[in-house]
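> Dropping a structure here in C-alpha cells format, bear with me for questions.
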Amino acid sequence: MIHSLFLINNVGDLFLEKHWKSVISRSVCDYFFEAREKAVEPENVPPVIHTPHHYLINIYREKIFFVSVIQTEVPPLFVIEFLHQVAETFQDYFGECSETTINDNVVIVYELLEEMLDNGFPLATESNILKELIRPPTTLRSMVNTITGISNIGQTLPAGQLSSIPWRRAGVKYSNNEAYFDVVEEIDAILDKSGSTVFAEIQGGIDACVKLSGMPDLTLSFMNPRLLDDVSFHPCVRYKRWESEKVISFIPPDGNFQLMSYHVSAQNLVAIPVYVKQNISFFESGPSGRLDITVGPKQTMGKTVECVVVTIHMPKVVLSANLNATQGTYNYDPVTKVLMWDIGKLNPQKLPNLKGSLSLQSGAPKPEEIPNLNIDLKIQQLAISGLKVNQLEMFGEKYKPFKGVKYVTKAGKFQVRM
Amino acid sequence: MPYFGSEETVKELKRALSNPNVQADRLRYKNYITRVIRYMTQGLDVSSLFMDMVKASATVDIVQKKLVYLYMCTYASDKPDLALLAINTLRKDCADPNPMVRGLALRNMCNFRMPGISEYIEQPIVAGLRDKASYVRRVAVMGCAKMQSLQPNIEIDPSIVNELYALLRDPDPVVVVNCLRALEEILKDEGGVVINKPIAHHLLNRMKDLDSWGQSEVLTFLLRYRPRSDDELFDILSLLDAFLQSAHAHVAVATLRLFLHLAATHPAVQADALQHTSSPLLTMCGSISRELRFAGLCHVQQVMRSQPGLFAPHYKRFFCAYSEPSYIKFRKMEILVELVNDENVTLVLEELRSYCTDVSPELAQVAIAAIGRIARTYSEKCLNILTGLLALKQEHITSAVIQTFRDLVWFCPQSTAAVCQTVEACVDCTQDSEAKQALLWLLGEHGERISSAPYVLEVYIDGLKTELSSSVKMELLTAAVKMFLCRPAETQDMLGRLLHHCIEEESDMCVRDRALLYHRLLQRGVEQTRKVVMGPKSDPSMSVLTGHQQEPVSQWVSNFNTLGPLSAQDLCFQTPLIALPEQPSNNAEEELLPVSKDVSPFIPTDDQEELNLYLGPPLSHEAFERTWLDLEVQHRETLSYTRPRITPDALQAALQLAKIQTLAFTPGDTLPWKAYLYTRGNRTLILAELLWEDPDIEGSLVVTVKQQPPNQHALRGFVSTLSSVLQTLDIDS
C-alpha cells in the first residue's frame, strides 16, 4: 500500500525518508520537485502526482510536504487521511510538527513510523495505543533519561490491545475522575461588499478530555440536537441511539479524542459575529490609493469578540502603506504584499478603524483586481450555532466525576470581498 | 544532497564506535548510534560501519535495538554476508519473554531484503503465527507476505495459506485485517484472497471492531463478494448502513462504493445511498485539509454524473475562497458549471464574473471558459458578461474571451450575431497565437457579418513576415480563402499576395502545402472550392441543448474512490473542446473523405421483442441527410396534433426523455415548420420528419418515417412513442 514516505520542507530539502518495503531511490521525488516548481506556491502542488511507475500522494502541512509513494491502486482518501494522521501524531508527541522538532526527535519519529505501518499497511495509529508503545518525550523525562540512560519505552505490551473495546484500555485508574468537553465551532463565510452573506456555514466539533476510572458508559444530550445538519462520530458512539433519540451514548476512549464533528449550513441559522465597513480605492492619477476599514460586532449574543486579526493580500503594485489604526497594530510586508492588522478585543463603544494612504509603484497602471479581506476572530463561551449541551450522565461506575463544558467560536475561512 | 567532509565523518564515527571506552558508556554509545542513523537519513552512505553496528545490536536497550535494526534493514541487501551475523541475535530475541521484543525482532528479520534469508525466518514466523500475544501475531502474519515477496518464484506453501485463512477468525481485529492483506499479496497471481459467503459475513460482523483503516480495506475486499439473493443483499446493506456516516471520509466513501456495487440491480437503493452520502461528501468539500477538500470535490464530480441535481441546492458551497489553491478552484468551477439551473444562474455567473479578474491569469482564463460553457444554455446573460470583460482591455482576458466566443459560435449558432458585433472591438489587442487563431477563424467563418473583416485580415497578411507561429499562418490561409468565397471583391488582391508569399517564401512545409492545396483548389473553380471549404457553421450534433445527461451509476462506479479521478491533471474546459473529433477547421479535410462510419451496420432480425429506444452514437447532419435521401419512405401518417407550442429546448428535452434525438428544426413561427428526429431501437435506425404546413387546419402534423433496416415492429413502436410525447405536450400547452 504505502511504499515509502519522504518528508520535504518548503524550500525543497528532503530531510527524512522511510521505506516499508524495498528501498525506493530518492530520485522518485524529482517528479514531485517538478510539480512543485510548476505550482509556484507550495499550497498549489496537486495532491496526486502521476509518475511512470508510481503515484505520489502528498499533503502539505506546517510547511512540510509529506510525500508518500504508492505502487498499487489504493483509495486516495485512505492515504491522504493516513498522512494527516502521521502529521497529527507528530504534533501530539512533540507539541508542534515542524522540521526542527522532527529532526530533534528523529529517533522517536522512526519508532513511530515503524509502529504505524508494517509492510505498508496501517498497524497502530490510535494515539492511546501508540503512547503506550512509545512514550512521548517530556522535558523531565528526557532529563531523567539522560542521567539514568533508561529509554522511553514501555516494558510491557499495552493491555488495551486485547480489550474487547479496542479504543479503551482496561484497568484505567484515576484519583480525580473528570470529563471535559470543548464545543469548538468555526465559521466559514464569504461576505460581499455590502455586508450581505454570499455563503456561510459552521463546522463544529466536540473535543473531549475524559479521565475516568474503570469502564464508564456516558450519555451526552443536547438542548437542541435538531440544529445539526450532518454529524459524524468517533467509532465509540452508538449510532443507533443517536438516530432514534438524538443522544450521544458511548464508552469513551481514555484521554483526549474528538467525540463528534458536525456541520450547520442552513443560511438563516448562521449568525455573522462581525461586520466590516471597508473602502479601498486607487486613483487614476498619481501613484496612490486610499484605504479605510472599520470593524464592529454584529450578532455576538452579548459576548466579546477577541483576537481579531484582519489580513489583506494587496495587489502587487502596492509598495507601502501609511496608515493610522485607532486600535491595535498594523504591519505591511512589502515582499509578500500582505497587510496584517492585529486588533485584539472589539469594543462596541469605540469601533476600531484603520485609515490612510497606500503608495503604488510609479508608472504602473491602476490595479484591476480588488483585494479581499480575511478575518480571524475568537469568541469565548459561545457556540455561534446556538448548540447547547443539556447534560452528561454516567452509568456503569459508582463514583461522581467532575464534568465541564466549554464553548469557543473561531473564524475558519472568513472572507470579506471589497 | 551535497555533504561536505562525509568521508571524514564516517571515519570518525567508525573510530568512536570501536572505541572500548565509548562501548562501555551506554549513553555515549547510543548517542553515536543515533548520529549514524541521522547521517543515514540525510542520504550519507554509512554502510561501511555495518560490522560495528552489528556488534551494537547485542544490547538490552530496546531503543538502541530499534535503531540498529533500522540501520541493518537499510543496508542488509548490500552486505548479505555480514547481515547473517546479526540473524543469531534476532532469532534469540524472537524467543524473548517480552512480546514487544519478540514482535520487533520478527518484524525486522522479515524486513531484511537479501537472498537466502527465508530459511532462517520461516521457523520464527510459523511460531509467531501461534504466539499468544496478538502483537506478535500481527507481525508474523505480515511476515508471511514479506517472505513470499523475497522469493517470488518459489511455489506457495499451502500450509501457510491455510493457516492464514484460519487466522481470519482471530479475536484480534488487526490480525484479521493483516491476514487479508497478506493473503492478497501471497495469492496475487491467483487473483487474490477469495471471499466466500462465510468469510464475507464474518468480516461484516467484525466491521465495528476494526480501526478505520481496517474497515476501509475490508470494504474494498468485500467488493469481490456477490450476494446470492436479494434477502442476503439487504441484510448486508443494513449492516453497512451506519458506515455511510462514518467520521472518517475514507470509510464513508468506501462504504458508498460497496453500496453502489452491491445494489447494481437496484437503482432506487443506489439513489438512496447517494442521497445519504451527499452530506458527508459536502462536509469533505469543506474540510480544513485542502487535500481532503480536493478529493471530496473529485468524488462529488463523479456522483454528479448520474445525479446532476443532487448538489444543486448547495451550489454556494462550491464558491471559491480567496486563499484556496488553484487545483481546488478549477474543480469547483467545473462543478459550478454543471450545477447551473434557472434559479441560481444569476448568482453563479456573478460569482464566476468576479473570478475573471483574478490575479492569476490561469484562473481568469478558466473562469472565462466556464462562463462560455454556461453560455451554451444561457447565452444572453453570459454574452453580456463576456462583452463587458473585453472592455477591461487586459490581454489575457481578451484572449480567453475570443477563444470562448469561437467555441460558443460553434456550439450555439443563435449567439453568432451578438458575437460578430463585439468581436470587432477586440481586434487590436490580441497578441498570443491561440487568440489570433480564434479570431481568424471567426473572421473567416462569419466574414459576411463582420463589416471590417477583410481589413483586419489585410493587417495580418501585411504583418505575415513577423508572424512566428505556423498554426496562425494556416488559420490565416483558411480564413482568407473563406473570406474570398463570400466577399471576393475586397479579398481577391490580398489572397493573391498571401498565397504567393506562402508558396514562394514560406519555409514551413505545412504552411506551404496548405497554401498549395488552396491554390490548386481555386484553380478548379470557385464552386468546387466552396463545396470543399465551406462546412456547416455550427456543431452538427447540436449537443448544446441536450444539457445534463444522466449517466448510469455503472459508468463511473468502477473507478470511484480510486486514484484515477484525482490524478487527471487540472486542465478543465480546454481539453474536451480540443479533443472534439470535429474541430471546425478540419471540416475541409473530412469532407473530402468518404464518410461512412456514422452509419453503423445493422443486422436485420425478425423478432417481436419489446421495443427499447436508445440514442446510441450521435449522428451528424451530413450522415443524416445522406441516409435520409438514400432511404425510401416507410411510413407516413397525419397525426391529430398541432405543432407543439413550446420552446425548442423544452421540445428537445421532452423528446430526449423518450430517447428521441432532435437533429434540427425550424426556428420561430416560420411556416412550414419542420423538425428532424432520429433514434435507434431493435437494431434499426429510425429517422423521422415532422411537417406542419397549414396553421388553419387543426391537427395536421405529418410524420414521415424512414428506417434502416426496415422493421415494422420498431416502426410502430416509435410512432406510438412519438405521438404520446406530442400528446403530452399538446395538453401542456
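Every number in this text was worked out from the coordinates using simple rules, so none of it is lab data. These numbers come from a predicted model, not from an experiment. So basically every Cβ, Gly included, is an ideal-geometry build from the backbone, and we count neighbours across all protein chains shown.
> How many partner chain Cβ atoms sit within 10 Å of a residue's Cβ in peptide B:557-564, on average, as a whole number?
Rounded to a whole number, the mean comes out at 3.
> Another one. Taking trypsin sites (Lys or Arg not before Pro) that fall in a DSSP loop and have at most 10 other Cβ atoms within 10 Å as cut points, what is the longest piece of chain A between them?
The segment A:174-349 is the longest one with no such site.
> By count of other Cβ within 10 Å, fewest leading, how are B:518, A:110 ordered?
Fewest to most other Cβ atoms nearby, the residues stand as A:110, B:518.
> Among the trypsin sites (Lys or Arg not before Pro) within the stretch B:308-382, which fall in a DSSP loop and have no more than 14 other Cβ atoms within 10 Å of their own Cβ?
none
> Loop-only check: which chymotrypsin sites (Phe, Trp or Tyr not before Pro) in the stretch B:1-104 are DSSP coil with at most 16 other Cβ within 10 angstrom?
Loop-located and lightly packed - B:3, B:4.
> Shape of the stretch B:432-531 from its Cα gyration tensor (a ≥ b ≥ c, root eigenvalues): rounded if a/c is under 1.5, otherwise prolate when a/b > b/c, or oblate?
It comes out oblate by the Cα gyration axes.
> Now a separate question. Hand me the trypsin sites (Lys or Arg not before Pro) from the stretch B:203-237 located in a DSSP loop with no more than 15 other Cβ atoms within 10 Å, in residue order please.
B:224, B:228
> Another question, if that's okay. Using +1 at the Cβ of each Lys and Arg and -1 at the Cβ of each Asp and Glu in the stretch B:432-531, identify which of B:455, B:437, B:516 lies farthest towards the dipole's positive end.
Selected residue: B:516.
> Taking neighbour counts of Cβ atoms within 10 Å as a proxy for exposure, in what order, fewest first, do B:51, A:215, B:72, B:494 appear?
Starting with the residue having the fewest Cβ neighbours, the order is B:51, A:215, B:494, B:72.
> Looking at the square roots a ≥ b ≥ c of the eigenvalues of the Cα gyration tensor of chain B, which shape do they give, rounded for a/c under 1.5, prolate if a/b is larger than b/c, or oblate?
Since a/c reaches 1.5 and a/b is larger than b/c, the shape of chain B is classed as prolate.
> Taking the number of other C-beta atoms within 10 Å as the exposure measure, put B:363, A:77 in order starting with the fewest.
The order, fewest Cβ neighbours first, is B:363, A:77.
> Among the complete DSSP H segments of chain A, which ones combine at least 30 Å of alpha-carbon extent along their axis with a mean Kyte-Doolittle hydropathy of -1.0 or more?
none
> How many Cβ atoms of partner chains, on average, are near each residue of B:248-256 if near means within 10 Å of its Cβ?
Rounded to a whole number, the mean comes out at 4.
> Which shape class applies to chain A: rounded if a/c is under 1.5, otherwise prolate when a/b exceeds b/c and oblate if not, where a ≥ b ≥ c are the square roots of the Cα gyration tensor eigenvalues?
Here chain A falls in the oblate category.
> Report, in deg cm²/dmol and to the nearest 500, the calculated mean residue ellipticity at 222 nm for chain B, where each DSSP H run with n ≥ 4 adds -39500 (n - 2.57) and the sum is divided by the residue count.
Mean residue ellipticity, 222 nm, calculated: -18500 deg cm²/dmol.
> Taking GluC sites (Glu not before Pro) that fall in a DSSP loop and have at most 11 other Cβ atoms within 10 Å as cut points, what is the longest piece of chain B between them?
The segment B:156-342 is the longest one with no such site.
> Another question, if that's okay. Ignoring GluC sites (Glu not before Pro) that are buried or in helix or strand per DSSP, and keeping those with at most 11 other beta carbon atoms within 10 Å, what is the longest stretch of chain A between them?
By the stated rule (loop sites, at most 11 other Cβ atoms within 10 Å), A:97-283.
> Next question, about the same structure. Using a Cα-Cα cut-off of under 24 Å, which lysines could be cross-linked to residue A:400, ignoring same-chain neighbours fewer than 8 residues away?
Partners within reach: A:173, A:211, A:388.
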